[in-house]
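Take a look at the structure set out below.
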Protein chains: 2
Amino acid sequence: MNTPFPSKPRIAIVGSGALGTYYGARLAKAGFDVHFLVRSGRAAVMARGIRLKTPTERVQLKKVHAYATTEEIGPCDLVIVAVKATANDALAKLLPPLVHAHTVVLTLQNGLGVEEPVAEIVGPQRTAGAICYIGAMRTGPGVVECTFPGLMMIGEFGRPAADRTRAIAAVFNKAGVKCESHDNLEEQRWRKLVWNVPFNGIAIAAGGITTDVIMADEGLRTLARRLMEEIVETAAKFGHQIPRSFMDLQFERTAKTGQYRPSSLVDFQEGRLVELEEIWGEPVRRAKSVGAAVPRLEMLYWLLRHKIATRKGAKKR
Amino acid sequence: MNTPFPSKPRIAIVGSGALGTYYGARLAKAGFDVHFLVRSGRAAVMARGIRLKTPTERVQLKKVHAYATTEEIGPCDLVIVAVKATANDALAKLLPPLVHAHTVVLTLQNGLGVEEPVAEIVGPQRTAGAICYIGAMRTGPGVVECTFPGLMMIGEFGRPAADRTRAIAAVFNKAGVKCESHDNLEEQRWRKLVWNVPFNGIAIAAGGITTDVIMADEGLRTLARRLMEEIVETAAKFGHQIPRSFMDLQFERTAKTGQYRPSSLVDFQEGRLVELEEIWGEPVRRAKSVGAAVPRLEMLYWLLRHKIATRKGAKKR
């Protein structure tokens, strides 16, 4: 960890969904040495490259280093894990060929308990995580529409930020991705749950509704608040102090967002895997492990688990 | 209240759904003087009478006293309110023509807070209530299919059973309707909620599922138990002691029932009015009035209220 992070790192992108494609293309466009694992649509990506559309610009990356296996990529300085947590089983095979003694494996996954599976494979000292506040959608192989470039927050797994963490943030910033390093990644993850747990959850549980509908219904809006309070109280038991003003801010922002379809609802409705355990299941288990009462969160988890398990035509976890 | 209840009472049935038609026809068939308010399908009922189909017999009542208004019926000794609680607005107009000094108005409505609107119109001393454990469906004007004749429990509003209560129970028993009088109607209502709150509620909230599906899903089954506990703990604050064994019994019975669609789910799916306030809303309000914590019940109420309010093609309350 005290080995200086190279200023020109060799970078692997594992996962060719919206996030992997977006960040990888940004980094490559800025001149970094980026290698993409692309398991479906690789021919198209190699032939036509990557195209990003953002609110302010269009980015085209003509030459893409795309591979079918991580063995072909080989060891890198930075490995960005951009597959969904729901695809974690595959990581045990994908990651080992990519690491050397000082590799940093940065998982972009959502929710709680996402660093642990990476740490089990590559070791905790190689493990870091990022929380991505971004709106991006993959519309085809190598084609990503980014509606909100947002912010990336990175941190180490179970430790404060180190020199290498700040070096990685600098790499992203050079590539035009706003990135901050944080000393307490876990707290940032709990903060993200403060919004994700209620709004992603109620959107699905109430039958597929957008955030403006939640905000307009007094009961559902109050429920969102109660769920936030359960998250904040549980986080406090783990030493993360999230002020009430942070909850107020979530409501103020959501009120301004209008008709927004939370990402988990999009996943649910489009038959994609939903991060059930990472967003709802793991917080319930952590709450129970410290005796925090989370009756509404647990009820939401049970309702969502049933809905997801019985959804028609969906991919299984 | 101490005036003896007549052995041959004049009886009015307000409401021509499954329950009103079934009990009214039973009473008339046993020779009681029964007058039906039938606002839709009256011509058919007058022409073809009432037909009941039960698991063991077929009952046909050829001559039916059916009326368009309660003014035409006039004062009765027993008035059976068999409209849904959701139609209570109409009672203020329907009931007054039916009462004399010693009339008993017996509401068959479900849930909590159903005697109060009757008492406001006819006075608490005239008000009684019944809890009907019955499976019956109206399949056409004057046609009712009864799958489970069950049991009726009757009691006075806010008082123990009186001579008249027992006399009314005797009337029903003479007509082949198993009927018991109880000293504590309110407690019986809470007991009925112990099943209705979780199973009717989860069936709708989880997306339209039958009780066997709830029983087979560990999370939903546990949720049903937690909701029952909230109801039992709230009832206890009102002095009603419901033993844990009563909850166990509900699960044992439900496990045996198989693929059962709770009545509120039937109402919900068929676009009919759902007894939202009587089954979920009023218990939440009563719990709050005594400081009982009902986080799951309240969450269920909010989810159901939203679902019912946004249901497509449904009748409005």
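The values are calculated or read from the model by the stated rules, or taken from the named source; none is laboratory data. Computed from a predicted structure; not experimentally measured. Cβ atoms come from the backbone with ideal geometry, glycine included; neighbour counts cover every protein chain shown. Accessible surface areas use protein heavy atoms only, side chains included; no ligands, DNA or RNA. Shrake-Rupley method; radii C 1.70, N 1.55, O 1.52, S 1.80 Å.
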Next item on the list: Go through the residues of the stretch B:16-23 one by one and say whether even a single one is outside any strand (DSSP E or B), touching a Pro at 6+ places or on another chain (Cβ under 8 Å) and either in the same structural domain as B:Ala167 (by TED's automatic domain parsing) or open to solvent by 70 Å² or more (accessible area, probe 1.4 Å) (or both).
Entry: yes
Next item on the list: Give the residue, chosen from A:Leu185, A:Leu151, A:Leu193, that is under 24 Å from A:Pro295 (Cβ atoms) and touching a residue at least 12 places away in the same chain (Cβ under 8 Å).
Entry: A:Leu193
Checklist line | Condition broken by B:Arg51, with the remaining ones in (1) farther than 20 Å from B:Lys93 by Cβ; (2) touching a Cys at 6+ places or on another chain (Cβ under 8 Å) satisfied | finding: (2)
Notebook entry, point to check: Looking at the stretch A:1-15, which of its residues are touching a Lys or Arg at 6+ places or on another chain (Cβ under 7 Å) and either open to solvent by 50 Å² or more (accessible area, probe 1.4 Å) or over 21 Å from A:Leu95 (Cα atoms) (or both)?
Noted result: A:Met1
Check: Just to be sure, is A:Leu95 in the same structural domain as A:Phe36 (by TED's automatic domain parsing) and either over 17 Å from the mean Cα position of the chain (by Cα) or modelled with pLDDT under 95 (or both)?
Finding: yes
Next item on the list: Select from the stretch A:48-60 the residues that are within 19 Å of A:Gly15 (Cα to Cα) and hydrophobic (A, V, I, L, M, F, W, C) and write down the one among them that is surrounded by the fewest Cβ atoms within 10 Å (Cβ to Cβ).
Entry: A:Leu52
Note to self: Any residue that is closer than 20 Å to A:Gly219 by Cβ and within 14 Å of another protein chain (Cβ to nearest Cβ) - is there at least one of those in the stretch B:249-264?
What the structure shows: no
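Select, from B:Glu145, B:Glu115, the only residue that is touching a residue at least 60 places away in the same chain (Cβ under 8 Å) and closer than 26 Å to B:Phe246 by Cβ.
Being touching a residue at least 60 places away in the same chain (Cβ under 8 Å) and closer than 26 Å to B:Phe246 by Cβ holds for just one of B:Glu145, B:Glu115, which is B:Glu115.
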Notebook entry, point to check: Only one of these conditions is not met by B:Ser181: (1) out of contact with any helix residue (DSSP H, G or I) (no Cβ under 8 Å at 6 or more places or on another chain); (2) crowded, with 19+ Cβ neighbours inside 10 Å; (3) over 24 Å from B:Arg51 (Cα atoms). Which number is it?
Noted result: (1)
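Select, from B:Glu187, B:Glu180, the only residue that is assigned to a strand (DSSP E or B) and under 21 Å from B:Gln250 (Cβ atoms).
Criteria check complete, one pass: B:Glu180.
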Item checked: Condition met for A:Gly208 (in contact (Cβ under 8 Å) with a residue 60 or more places away in the chain and within 14 Å of chain B (Cβ to nearest Cβ)) -> yes
Note to self: Can you tell me how many residues within the stretch A:51-60 are in contact (Cβ under 8 Å) with a residue 40 or more places away in the chain and touching a helix residue (DSSP H, G or I) at 6+ places or on another chain (Cβ under 7 Å)?
What the structure shows: 1
Notebook entry, point to check: Hey, does the stretch B:304-312 have a residue that's modelled with pLDDT under 95 and more than 10 Å from chain A (Cβ to nearest Cβ)?
Noted result: yes
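Yes/no per residue for (1) open to solvent by 60 Å² or more (accessible area, probe 1.4 Å); (2) on the phi < 0 side of the Ramachandran plot:
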{"position": "A:Ala30", "(1), (2)": "no, yes"}
{"position": "A:Asp33", "(1), (2)": "yes, yes"}
{"position": "A:Gly41", "(1), (2)": "no, no"}
{"position": "A:Met46", "(1), (2)": "yes, yes"}
Check: Do we find a residue being more than 15 Å from B:Tyr22 (Cβ to Cβ), assigned to a strand (DSSP E or B) and in the same structural domain as B:Glu116 (by TED's automatic domain parsing) anywhere in the stretch B:155-175?
Finding: yes
Notebook entry, point to check: What tally of residues in the stretch A:266-275 results from selecting those that are over 17 Å from A:Glu116 (Cα atoms) and either in a loop (DSSP other than H, G, I, E, B) or within 13 Å of chain B (Cβ to nearest Cβ) (or both)?
Noted result: 6
Next item on the list: Would you check which residues across the stretch A:214-262 are hydrophobic (A, V, I, L, M, F, W, C), in contact (Cβ under 8 Å) with a residue 40 or more places away in the chain, part of a helix (DSSP H, G or I) and open to solvent by 40 Å² or more (accessible area, probe 1.4 Å) and list them?
Entry: A:Ala255
Margin query: Whether any residue in the stretch B:255-262 is of a type in the set (S, T, N, Q), modelled with pLDDT under 95 and closer than 30 Å to B:Ala136 by Cβ is what I want to check.
Written below: yes
Item checked: Where a residue in the stretch B:63-78 is more than 11 Å from B:Val14 (Cβ to Cβ) and its partner, wherever it lies, is modelled with pLDDT under 95 and among the basic types (Lys, Arg), with Cβ under 7 Å and at least six apart -> B:Ala66/B:Arg42; B:Ala68/B:Arg39; B:Ala68/B:Arg42
Check: Somewhere in the stretch A:112-123, is a residue modelled with pLDDT of 95 or more and exposed (fewer than 15 other Cβ atoms within 10 Å of the Cβ)?
Finding: yes
Notebook entry, point to check: Which one of these is under 26 Å from B:Leu106 (Cα atoms) and within 14 Å of another protein chain (Cβ to nearest Cβ): B:Val144, B:Val177, B:Val197, B:Val213?
Noted result: B:Val197
Margin query: Give me the residue from the stretch A:263-275 that is charged (D, E, K, R) and surrounded by 15 or more Cβ atoms within 10 Å (Cβ to Cβ) and, out of that set, farthest from the chain's Cα centre (by Cα).
Written below: A:Arg272
Notebook entry, point to check: Scanning the stretch B:197-213 for residues that are part of a helix (DSSP H, G or I) and not hydrophobic (A, V, I, L, M, F, W, C), which turns out nearest to B:Val266 (Cα to Cα)?
Noted result: B:Asn200
Checklist line | Members of the stretch A:24-50 that are touching a residue at least 40 places away in the same chain (Cβ under 8 Å) and in a strand (DSSP E or B) | finding: A:His35, A:Leu37, A:Ile50
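Yes/no matrix, rows are residues, columns are (1) modelled with pLDDT of 95 or more; (2) of a type in the set (Lys, Arg):
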residue: A:Ile11; (1), (2): yes, no
residue: A:Tyr22; (1), (2): yes, no
residue: A:Glu57; (1), (2): no, no
residue: A:Lys62; (1), (2): yes, yes
Next item on the list: Would you check which residues across the stretch B:277-304 are part of a helix (DSSP H, G or I), aliphatic (A, V, I, L, M) and under 16 Å from B:Leu112 (Cα atoms) and list them?
Entry: B:Ile279, B:Val284, B:Ala287, B:Leu297
Next item on the list: State which residue is farthest from the other protein chains (Cβ to nearest Cβ) when the search covers only the stretch B:276-297 and only residues that are open to solvent by 20 Å² or more (accessible area, probe 1.4 Å) and of a type in the set (D, E, K, R).
Entry: B:Arg286
Notebook entry, point to check: Going through the stretch A:139-160 one residue at a time, which ones are open to solvent by 20 Å² or more (accessible area, probe 1.4 Å), farther than 20 Å from A:Asn88 by Cα and not aliphatic (A, V, I, L, M)?
Noted result: A:Thr139, A:Pro141, A:Glu145, A:Thr147, A:Phe148, A:Pro149, A:Gly150, A:Arg159, A:Pro160
Margin query: Suppose we filter the stretch B:124-138 for residues that are open to solvent by 30 Å² or more (accessible area, probe 1.4 Å) and under 18 Å from B:His182 (Cα atoms); how many remain?
Written below: 5
